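Structure first, commentary second.
The values are calculated or read from the model by the stated rules, or taken from the named source; none is laboratory data. All values reported here derive from a predicted model rather than from experimental measurement. Heads up, the Cβs are rebuilt from the backbone with ideal geometry, glycines too, and the neighbour counts pull from every protein chain shown. All accessible areas refer to the heavy atoms of the entire protein, side chains included, with ligands and DNA or RNA removed. Shrake-Rupley method; radii C 1.70, N 1.55, O 1.52, S 1.80 Å.
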Amino acid sequence: MELLPRSPAEFGSARYWERFFRQRGQRPFEWYGAFPELCPVLHKYVRPRDKVLVVGCGNSELSEQMYDMGMCEDIVNIDISDAVIRQMRERSASTRPKMSYLLMDMLQMDFPDAHFQVVLDKGTLDALLTDEEEATLAKVDQMFAEISRVLQVGGRYLCVSLAQAHVLKKAVEYFSREGWVVRVHQVASSGDKQQFVLPVFVYVMTKFRKIPGSAAQILEICPEEQDKPMRVENAERLVAAVKDRQHYALLCSQISKTPCREQVSLDLCDKESGKPRYTLHVVDSPSVKPSRDNHFAIFIIPQGRETEWLFGTEEGRRQLAASAGFVRLLTVALHREQHYEGMAGIQAELSGKVMELAPPGLPARQQVPFLSVGGDIGVRAVQHCGSSPLSGDFVVEDVRGDGTCYFRRLIFLQNRNVVQSEARLLAPTPLPGQKKRRKDKKKPSPAEPPGAIDKSYLCCEHHKAMVAGLCLLGGPDALPGELAVLVVGLGGGSLPLFVHDYFVVEIDPSMLEVATRWFGFSQGDRMQVHVCDGLDYVAKLAAEAPAQYDAIMFDVDSKDLTVGMSCPPPAFVEKPFLQKVKTVLKPEGVFVLNLVCRDAGLKESVLAALRDIFPLLYARSIQGEVNEILWCQAGPAGRHGPAELGARARALEEALRQPGRPWDSSWALADMLQARHIL
C-alpha cells in the first residue's frame, strides 16, 4: 500500500516515481499487460529498422522483450526517475548493446526534430492525465507537441491505455485536429491472467502533414476479434464504441463470478455494418442444482419466433431455462437484417464469444451444447420493406411457426419485438396432374411463398378476445345474423377479414396498401375503409348518424413511446370522446377496446373514464401479454350476470357452428367465461 500515491496528481510527479522505483527494487512493474498480449498489435506498426522512443519506460520488460524477439533493436528509453534508469542500464548493458536508457523529461526532450519512426507509451499518458484541470491539460498538450516534433511524417505514436473517456477524447481530438489518422485497437485479453477487469487499448496515431483548411477526420476502431478497422464519424462515436467494450468486459467479469439476479441483455453487432446481429439474454435458474453436465447451454431462438411469449418475455425465458434444466441458459435471437449459414455456422461464429458469458464453476474444457426447437434456426423471409410518415419503417415477413405452419407478420421497426398484425398462410394446393410422386418428394425452399392468406383464422390472442365480445349482442338464443361493426385501426386487416360486416377507419394510407397487397384484404359492399383520423370520423358520426353500429372495436397503436400506454393513444379514452363512441353505438351495442398500458395509475384513470360512460364493463387479460380487452355496454350495471353471460357464450358457440360461419368458437366461450366484471 505504501507504493500507492496519496492523490492521482502524484502520478505526474518525478519525486513520486523516484520513491516508487527505489521501494520496488528490481521487480518489473507492468502497466496494462505484458508483451505477449501487446505483441499482435505492436507487430503491425513497429518494423525491425525503425528507431523507437519509449516514453516513461519505468522498469517494464516491454522494451527488452521487443529487442530479444527481434521486433526492433534501435530503442531509446526515457524516464524521469534516476533510480529506474540506473536499474535498467545495469540490466541491459551487456546483453542489449543497441538499446539505451536516458534520464529525460518527455515534456522537454533533447532529441532533434523528426528523429523517430515510432513513439511508444505504455500507461504514461494515463498517469499524466489524471484530471481535467487546466494545469494538467497544459502538460498533456506539451507532451503531445513534443511527440509530434520528434516523430517523422508517417511515424506512429502508439499509446497503451485503459481508455478512460477523458483520456481517449483528449488524444483523439488533439491528433485528429492536427490531421493525423487515429485508430484504436482493443488488446486481446489473456483470460484469468489479465491484471485489469477493464480491457486494454492501443491508440495508433499516424502522423501526416496537416492540410490547411481541411476538416476531414479519419477515426477507426479495431475490436480484438477482427483485423479490419471500422470507421466512425467523430470523436464522440469513437469514445462511445470504446465505452461499449468496457461495459461488456465489466459485465463478463461480474457474471463470471456471481449468478445473475436479473436477466442480462446485450447485442452482438455485425463486424461490417455495425448493426445488431445477435441479441443475447443471460438467464440463471437458482432452482436448478448443478451437476456435471448442466452448468451452461446456448439456446438459438428460431427466426421469427423471438416475439413469442416463451422467448420474448422475462417470465417466458425463465420458464424455458428451468425446463431446459441448466444452471445458466443463454438465449440467442437472430435479427431479420442478417444472413445466417445454418446452425453449424452460428455455432462456429458464437463459440468463442459466448464462453465469455459462462457461469461461475463451469468445469474446465466443459462442452457447452447448442440447443434449438427442432434442431434448426427456423425460416424467415422478408417479403416487403416500407416506410410511412405515420408508422415509420416497417416490414412484412413470412416465418415458420411451431410445426409446419407459416405465418405472415407486419412489424413496425420502432418496436420490432411486437407483432402488429399476423395471418396464417394456407399450404399451396397442387393443380390437377401436379401431385408429386413419393420419390420426387423434397422439402420446399424457404423462399417459396407458402400460399394464400387463411382469412378464417385469428392468430392474435387479443383479436380472439375482441371478437368474443360479440357474445354481448342479440337475444339469449343466437347471435344476430348481420352486424354493423366499426373498427378503428386496420393494420394488416386480420380482424376485419375475420368479421367482414363493417366499416374500417385507418389513419395511415400505407397500412391499407400493405393489408391489400400482403394480407389478402379487399373492400366491397360489406367492407369499406376510410383513411382518416379515427377521432374525427367518430366525432362526425356522432353528430350526423348516431346509433347505427352494433359494435365498435378500437385496435389502435400509439406512436408516442414516452407514454405508458401503447394502445390506444390517450385521446381515444378521454371522457368526451368516449361519450361520442356511446352515441354512435346502438342501445344494446358493445364497445370493444384493446388496452395496452403499463402505467398502473394511467390504467386506473382509463377504467374510471370507461365506467362513467359504460356501466357494464368486462375485462379479459391475455396470458403472457400486456394486452387487456375491455368489453363495454351502456346498459345498466349488472344487466348481464355471470349465469346469463355463460348462457350467451354457449349460445354464441352454437351459432358459430352454423354453416357459412367457419369460426373456431371454443375460444369464444373460454374468453367470455374467463372475463371479470369490473364494478
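Would you be able to say whether some residue in the stretch 327-335 is in contact (Cβ under 8 Å) with a residue 40 or more places away in the chain and assigned to a loop (DSSP other than H, G, I, E, B)?
Quick first cut of the stretch 327-335, residues in contact (Cβ under 8 Å) with a residue 40 or more places away in the chain only: 327-335.
Next, only the ones that are assigned to a loop (DSSP other than H, G, I, E, B) stay: 327, 335.
Looking through the stretch 327-335, at least one residue is in contact (Cβ under 8 Å) with a residue 40 or more places away in the chain and assigned to a loop (DSSP other than H, G, I, E, B).
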Seminar exercise, completed: Given (1) modelled with pLDDT of 95 or more; (2) within 21 Å of SER63 (Cα to Cα); (3) open to solvent by 30 Å² or more (accessible area, probe 1.4 Å); (4) assigned to a helix (DSSP H, G or I), ARG91 misses just (1)
Problem set entry | Selection from the stretch 606-619 of residues that are assigned to a helix (DSSP H, G or I) and either surrounded by 15 or more Cβ atoms within 10 Å (Cβ to Cβ) or on the phi > 0 side of the Ramachandran plot (or both) | VAL606, LEU607, ALA609, LEU610, ARG611, ILE613
Problem set entry | Checking ILE377 against (1) within 19 Å of ASP267 (Cβ to Cβ); (2) in the same structural domain as ASP284 (by the TED database); (3) in a loop (DSSP other than H, G, I, E, B), the condition it does not meet | (2)
Exercise. What are the pairs, 6+ residues apart or on separate chains, where a residue within the stretch 265-278 that is at positive phi has its Cβ under 8 Å from a residue that is open to solvent by less than 80 Å² (accessible area, probe 1.4 Å)?
Worked result: GLY274/MET230
Exercise. Within the stretch 281-298, can one find any residue that is open to solvent by less than 80 Å² (accessible area, probe 1.4 Å), in the same structural domain as LEU357 (by the TED database), in contact with a helix residue (DSSP H, G or I) (Cβ under 7 Å, 6 or more places away or on another chain) and over 18 Å from ALA321 (Cα atoms)?
Worked result: no
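Regarding the stretch 193-201, can at least one residue be identified that is part of a helix (DSSP H, G or I), at pLDDT below 90 and farther than 18 Å from GLY155 by Cβ? Step through it out loud before you land on a result.
To start, the set of residues in the stretch 193-201 that are part of a helix (DSSP H, G or I) comprises 193.
Now narrow it down to the ones that are at pLDDT below 90: 193.
Adding the requirement that they be farther than 18 Å from GLY155 by Cβ leaves 193.
Yes, because at least one residue in the stretch 193-201 is part of a helix (DSSP H, G or I), at pLDDT below 90 and farther than 18 Å from GLY155 by Cβ.
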Seminar exercise, completed: GLN528 fails exactly one of (1) under 17 Å from ILE613 (Cα atoms); (2) part of a strand (DSSP E or B), namely (1)
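Listed here are the residues, each with its yes/no results for (1) open to solvent by 30 Å² or more (accessible area, probe 1.4 Å); (2) more than 26 Å from LEU137 (Cα to Cα); (3) assigned to a loop (DSSP other than H, G, I, E, B).
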position: PRO40; (1), (2), (3): yes, yes, no
position: ASP50; (1), (2), (3): no, yes, yes
position: ILE85; (1), (2), (3): no, yes, no
position: THR95; (1), (2), (3): yes, yes, yes
position: ASP105; (1), (2), (3): yes, no, yes
position: GLN108; (1), (2), (3): yes, no, yes
position: PHE111; (1), (2), (3): no, no, yes
Problem set entry | Which numbered condition GLN383 fails, given (1) in a strand (DSSP E or B); (2) surrounded by 18 or more Cβ atoms within 10 Å (Cβ to Cβ) | (2)
For this session: Answer yes or no: is there a residue in the stretch 620-639 that is surrounded by fewer than 12 Cβ atoms within 10 Å (Cβ to Cβ) and modelled with pLDDT under 55.
Result: yes
Problem set entry | Every residue from the stretch 130-148 that is in contact with a helix residue (DSSP H, G or I) (Cβ under 7 Å, 6 or more places away or on another chain) and farther than 11 Å from TYR174 by Cβ | THR130, ASP131, GLU132, LYS139
For this session: Kindly check whether there is at least one residue in the stretch 322-336 that is surrounded by 19 or more Cβ atoms within 10 Å (Cβ to Cβ) and polar (S, T, N, Q).
Result: yes
Exercise. Which of the residues spanning the stretch 142-175 are open to solvent by 10 Å² or more (accessible area, probe 1.4 Å), in a helix (DSSP H, G or I) and in contact (Cβ under 8 Å) with a residue 24 or more places away in the chain?
Worked result: GLN142, GLU146, SER148, ARG149, ALA165, HIS166, LYS169, LYS170, GLU173, TYR174
